[in-house]
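Student: Pasting a structure below so you can have a look.
The values are calculated or read from the model by the stated rules, or taken from the named source; none is laboratory data. Everything numeric in this text was worked out from a predicted model, so none of it was measured. With ideal geometry, Cβ positions are generated from the backbone for all residues, glycine too; neighbour counts draw on all protein chains shown.
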Amino acid sequence: MKKVFITTLGCKVNQYESASFKAEFEDAGVEIVGKDDAADIVIINTCTVTGNASAQSRQTIRKIARRNPEAKIIVTGCYAEIAADELAQDKELVGRDFTLIGNSKKDILVNTALSADETTTRIILGSIKDAKEICDLPVHKFAGRSRAYLRIQDGCESFCSYCIVPYTRGPSRSLSPEKVIQQAETFAQEGHKEIVLTGIHIGYYGKDLGGENNIVTLLNQLTLATPDVHYRISSLEPVEITAELLQLMTARSNIQHHLHIPLQSGHDDILKRMNRRYNTATFKEIVDKCKTYLPDAAIGIDILAGFPGESDEQFAEALVFLQNLDFTYLHVFPYSIRPGTPAATFPDQVKKETKEQRVAKLRQLSDYKRDTFYASQLERTVTVLVEGKRDDASLLKGFSDNYVAVRFQGDDSLINQRVQVKLKTLINNYVLGEYIGSNENRNNCHR
């Protein structure tokens, strides 16, 4: 029996795709092994979203190649897409049984890995910019996870000035509603209680399918087809959060009251330089609309600190904008030069020390906003999906439907179950709760 080791860097889409590789290998009778075990085949699913991510991908490839001198090495993902020539000449890979597979060819990865072809180096990229269809990569189960990721879309056409992803993932392609529902039903049958809808730009879902297909019609079909599964939306661009979406989220008990909305900068001049398609006034209107429809919703925001040309005054104004915005938490990233993007050539790159100071201030604000939101939820009874691992104090843990991190005492029989917990005490970055029961009726849990 052949042995395969799979390692994954980067986003939820990569994690979904690696889960598909794992399922297909297992169907072929291949054993999946850990990083410390000898492997006949190694799959490295890479990331290149930032310069640091590219460096990590390179380091991972070289380290694993040295650790597995006899193994067949297959590199795929966004770094493979953008750095094919560099990888083909890497001293750790030259002369090895090495295959590089592009993002548009991931559906042939397993068959390629198991083929008897003994060619030393194979580069199977395809043309990502001309890709017309999403790779069909079904998944059986996310082993060891209470929630599953479901990739409904691939590709991006926004071309933000700091982002390499449109060049590595190609144009937007959508999985048909029938296949999305089929995948969701598979996850439901395998016992997953929650599904996170993910993609590179899921607000574009359906644009390539024609008809009335979009993220709202898909959510409508999914929630009706699998009423016992709860759905969480991974991320949506601001202008893609419509009244129709919010109305559906209000009407359907199995759509989580949680939205993650990339902002990237709280200053209009910087948003223009980033090639974002909204301003701060529009963003605030959207957040306010979300809170009108879903008062209990958690709202997360992505922010880049230290974008080229961001002055101290602009950062200060952006910070004030965020302080006055009704959100729950920030995902803060220091701007990182990504070669191949327009922003990499912009003048006035911000010093590392300045970026670090701005990141610290933004994370401090995020902690305050999160604690304020969590405090507002105390004494409520919420539904929590209990995760598979306890914390260091042996407490059960999980997230509420509106994304409050909850811990509480309870029996192992509650793991991977949706339970009612009364929120009692704010402790650091979570809320200590009291287990109430296993009734999963959401209408009784949000009051």
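Student: I'm told Phe321 meets every condition in (1) crowded, with 19+ Cβ neighbours inside 10 Å; (2) in contact with a Gly (Cβ under 6 Å, 6 or more places away or on another chain) except one. Can you identify the failing condition by its number?
Tutor: Just one mismatch for Phe321, condition (1).
Student: If you check Glu86, Glu26, Glu70, which single one turns out to be acidic (Asp, Glu) and in contact with a strand residue (DSSP E or B) (Cβ under 7 Å, 6 or more places away or on another chain)? Quick ask: steps written out before the conclusion?
Tutor: Numbers: Glu86 fails: in contact with a strand residue (DSSP E or B) (Cβ under 7 Å, 6 or more places away or on another chain); Glu70 fails: in contact with a strand residue (DSSP E or B) (Cβ under 7 Å, 6 or more places away or on another chain).
Result: Glu26 is the single residue among Glu86, Glu26, Glu70 that is acidic (Asp, Glu) and in contact with a strand residue (DSSP E or B) (Cβ under 7 Å, 6 or more places away or on another chain).
Student: Let me ask something additional. Please list, ordered by residue number, the strands (runs of 3 or more DSSP E) wholly in segment 293-405 having 3 or more residues that are in contact with a helix residue (DSSP H, G or I) (Cβ under 7 Å, 6 or more places away or on another chain) and β-branched (Val, Ile, Thr).
Tutor: On the way: elements: 298-305, 329-334, 381-386, 396-400.
The qualifying strands (runs of 3 or more DSSP E) are 381-386.
Student: State which residue is farthest from Ile233 (Cα to Cα) when the search covers only segment 244-275 and only residues that are assigned to a helix (DSSP H, G or I) and touching a strand residue (DSSP E or B) at 6+ places or on another chain (Cβ under 6 Å).
Tutor: Step by step, filter segment 244-275, then rank; the result is Met274.
Student: Let me ask something else about it. Which residues, taken from segment 370-406, are free of Cβ contacts under 8 Å to residues at least 40 places away in the same chain and among the small types (Gly, Ala, Ser)? Even if it seems obvious, please write down each step before you answer.
Tutor: Quick first cut of segment 370-406, residues free of Cβ contacts under 8 Å to residues at least 40 places away in the same chain only: 372, 376, 389-397, 399-400, 405-406.
Passing the criteria: Ser376, Ala393, Ser394, Ser400, Ala405.
Student: Now for a separate question. I need the full set of residues from segment 97-112 which are touching a helix residue (DSSP H, G or I) at 6+ places or on another chain (Cβ under 9 Å) and within 22 Å of Gly10 (Cα to Cα), in order please.
Tutor: Phe98, Thr99, Leu100, Ile101, Gly102, Asn103, Ser104, Lys105, Lys106, Asp107, Leu109, Val110
Student: Count, please, the residues in segment 71-92 that happen to be at pLDDT below 90 and under 25 Å from Ser20 (Cα atoms).
Tutor: 0
Student: Then there's this: Quick one: in segment 172-200, which of the residues that are buried (at least 22 other Cβ atoms within 10 Å of the Cβ) and in a loop (DSSP other than H, G, I, E, B) is modelled with the lowest pLDDT?
Tutor: Only one residue fits best here, namely His192.
Student: For segment 10-20, name all the residues that are within 11 Å of Gly77 (Cα to Cα) and assigned to a helix (DSSP H, G or I). Write out each step before concluding.
Tutor: So the first thing to find is which residues in segment 10-20 are within 11 Å of Gly77 (Cα to Cα), and the list is 10-11, 13-15, 17-18.
If the condition is that a residue be within 11 Å of Gly77 (Cα to Cα) and assigned to a helix (DSSP H, G or I), then Val13, Asn14, Gln15, Glu17, Ser18 are the ones that fit.
Student: Quick one: how many residues across segment 21-70 are touching a residue at least 40 places away in the same chain (Cβ under 8 Å) and in a loop (DSSP other than H, G, I, E, B)?
Tutor: 6
Student: Under 8 Å between Cβ atoms, which residue pairs at least 6 apart in sequence (or on different chains) link something in segment 110-133 that is under 11 Å from Asp97 (Cα atoms) with a partner that is exposed (fewer than 11 other Cβ atoms within 10 Å of the Cβ)?
Tutor: Filtered contacts from segment 110-133: Thr120/Gly95.
Student: One residue is enough: does segment 428-439 have a residue meeting the conditions aliphatic (A, V, I, L, M) and modelled with pLDDT under 95?
Tutor: No, that holds for no residue.
Student: Go through segment 1-37 and count every residue that is of a type in the set (Phe, Trp, Tyr) and within 26 Å of His201 (Cβ to Cβ).
Tutor: Of the residues in that region, 2 qualify.
Student: Which of (1) in a helix (DSSP H, G or I); (2) touching a residue at least 24 places away in the same chain (Cβ under 8 Å); (3) over 18 Å from Asp40 (Cβ atoms); (4) of a type outside the set (Lys, Arg) is the odd one out, the single condition Asp90 does not satisfy?
Tutor: Condition not satisfied by Asp90: (1).
Student: If you don't mind, another one. Could we say that Asp208 is in a loop (DSSP other than H, G, I, E, B), farther than 29 Å from Ile415 by Cα and among the acidic types (Asp, Glu) here?
Tutor: Details: in a loop (DSSP other than H, G, I, E, B): yes; farther than 29 Å from Ile415 by Cα: yes; among the acidic types (Asp, Glu): yes.
The answer is yes for Asp208.
Student: Okay, moving on. With surrounded by 17 or more Cβ atoms within 10 Å (Cβ to Cβ) and farther than 30 Å from Gln221 by Cβ as the only criterion, which of Ile64, Ile123 stands out?
Tutor: Ile64
Student: Does Ser174 qualify as being in contact with a Gly (Cβ under 9 Å, 6 or more places away or on another chain), more than 30 Å from Phe346 (Cα to Cα) and of a type in the set (S, T, N, Q)?
Tutor: yes
Student: Right, next: Restrict the check to segment 150-164 and report whether at least one residue is crowded, with 22+ Cβ neighbours inside 10 Å, touching a residue at least 24 places away in the same chain (Cβ under 8 Å) and in a helix (DSSP H, G or I).
Tutor: No, because not a single residue in segment 150-164 is crowded, with 22+ Cβ neighbours inside 10 Å, touching a residue at least 24 places away in the same chain (Cβ under 8 Å) and in a helix (DSSP H, G or I).
Student: Just to be sure before I move on: is Arg338 crowded, with 18+ Cβ neighbours inside 10 Å, under 23 Å from the mean Cα position of the chain (by Cα) and in contact (Cβ under 8 Å) with a residue 60 or more places away in the chain in the structure I sent?
Tutor: So Arg338 fits the description; yes.
Student: Hey, another quick one. For Ala360, state whether it is farther than 30 Å from Pro308 by Cα, surrounded by fewer than 16 Cβ atoms within 10 Å (Cβ to Cβ) and outside the structural domain of Ala143 (by TED's automatic domain parsing).
Tutor: Here the answer is no, as Ala360 does not meet what is asked.
Student: Taking segment 1-30, which residues are within 16 Å of Asn68 (Cα to Cα) and touching a helix residue (DSSP H, G or I) at 6+ places or on another chain (Cβ under 9 Å)?
Tutor: Passing the criteria: Lys2, Val4, Phe5, Ile6, Thr7.
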